[in-house]
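The values are calculated or read from the model by the stated rules, or taken from the named source; none is laboratory data. Treat the numbers as computed from the prediction; the structure is a model and nothing was measured. FYI the Cβ positions are ideal-geometry reconstructions off the backbone, even for glycines, and counts take in every protein chain you see.
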Amino acid sequence: MKKEDLPKKIAVFPLSNFIVFPKTTVPLNIFEPRYIDMVNDCMKSNKLIGMIQPKIPRNENLDTPELYKIGCMGKIIGSQKTDDGRYLIELKGLIRFNIINEITSKKKYRECEISFDKFYDDLLDQKESLKFTDLELIFRDLKSLFERRGLIINWKALENQSLNETINALAMASPFTLEEKQVLLETKNLDARKSKIADILTTYTFDQFNNTTIQ
């Protein structure tokens with residue numbers, strides 16, 4: 001997508017503990033009526049959806065929770081409607097955005113006026129300065145964390161992706177908190193994201209070995 005083709009407003013899909021990065025593709029199961037409406041409308045126009053995290057988990061039962069300011073716009077690159085009326089879509093992350101304000105409308109889903117000013121670099125195909133060898137310790141610690149949480153990752157498949165896609169896919173699938181995932185989404189580039197993941201992993205490793213209480 002070119003800079004001049006970017007929209008000024010977008011339908012937003014608040015999803016807790018779920019982030020999408022540019023150049024990363026994710027599957028989504030759409031079953032709530034308001035978001036089925038959203039997908040129907042998006043499919044008729046530009047196929048663009050803004051993925052963003054609410055500031056509280058969805059189990060708090062608030063219809064319009066406060067949203068984080070930074071999310072990622074994705075494009076629907078594949079869709080299938082099931083017999084029971086759900087949508088199974090494939091969304092490819094394009095560029096992060098900043099919410100300027102929310103738009104009032106009669107639609108069941110939420111729309112926001114957005115800006116991409118800080119994130120135009122997401123549209124570029126930049127050469128990666130990091131190598132897989134730079135991330136061996138992070139991958140080792142992530143693998144250990146995933147295994148401790150009973151999560152299964154196809155590591156061989158990840159090795160066939162670019163480093164950017166791999167580290168972003170692991171960040172998305174990680175058992176990190178809502179806030180930690182938001183921090184990763186907001187980091188400027190892959191190198192900064194690598195450092196943040198290392199910092200977060202340190203706290204999980206610390207908890208594993210130092211969670212006893214001295215009486």
> List, please: which pairs have Cβ atoms under 7 Å, are six or more places apart or on different chains, and start with a residue in region 177-201 that is without any contact (Cβ under 8 Å) to a residue 12 or more places away in the chain and end with one that is surrounded by fewer than 19 Cβ atoms within 10 Å (Cβ to Cβ)?
Replying inline: 187/196
> Out of all the residues in region 11-47, which are more than 16 Å from the chain's Cα centre (by Cα) and either within 15 Å of residue 95 (Cα to Cα) or in the same structural domain as residue 185 (by TED's automatic domain parsing) (or both)?
Replying inline: 46, 47
> Given the structure, is residue 56 part of a strand (DSSP E or B) and either touching a residue at least 12 places away in the same chain (Cβ under 8 Å) or of a type in the set (Val, Ile, Thr) (or both)?
Replying inline: no
>> Tell me whether region 87-99 contains one or more residues that are among the aromatic types (Phe, Trp, Tyr), assigned to a loop (DSSP other than H, G, I, E, B) and at negative phi.
In response: no
> Going through region 83-104 one residue at a time, which ones are over 15 Å from residue 14 (Cα atoms) and of a type in the set (D, E, K, R)?
Replying inline: 83, 84, 86, 90, 92
